[in-house]
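The values are calculated or read from the model by the stated rules, or taken from the named source; none is laboratory data. If you're wondering where the values come from, they're calculated on a predicted model, not measured in any experiment. Here the Cβ positions follow ideal geometry from the backbone for every residue, glycine too, while neighbour counts run over all protein chains shown. Keep in mind that these areas ignore ligands, DNA and RNA; they rest on the heavy atoms of the full protein, side chains included. Shrake-Rupley method; radii C 1.70, N 1.55, O 1.52, S 1.80 Å.
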Amino acid sequence: MKTDYLNAKILSHRANLQRYATLLATQLTELEREYLHKRIEEERAEVASLEFARAAEAAQAKETVTVPNP
């Protein structure tokens, strides 16, 4: 259940990254360009954090699955 939320957040941040990359291809002032580079780094960090959380959740779910003994 939480994995669905994490996946949605990751997709949202990736969409932001794509939008910022598209904006960087346009004519911008240096200040605007600096702002976008800062936002890209923040978004990348958040994606990495969410992916780590998703992997940790998957590992925890795998550990809690028990196989009955015959």
Scanning the range 47-67 residue by residue, those modelled with pLDDT of 95 or more and more than 26 Å from Leu6 (Cα to Cα) turn out to be none
Checking Arg33, Arg44 in turn, the sole residue that is in a helix (DSSP H, G or I), under 27 Å from Lys2 (Cα atoms), modelled with pLDDT of 95 or more and of a type in the set (Lys, Arg) turns out to be Arg44
Among residues of the range 4-20 being surrounded by fewer than 12 Cβ atoms within 10 Å (Cβ to Cβ) and farther than 20 Å from Ala58 by Cβ, the residue farthest from the chain's Cα centre (by Cα) is Gln18
Scanning the range 21-49 for residues that are in contact with a helix residue (DSSP H, G or I) (Cβ under 6 Å, 6 or more places away or on another chain) and acidic (Asp, Glu), the one most open to solvent (accessible area, probe 1.4 Å) turns out to be Glu46
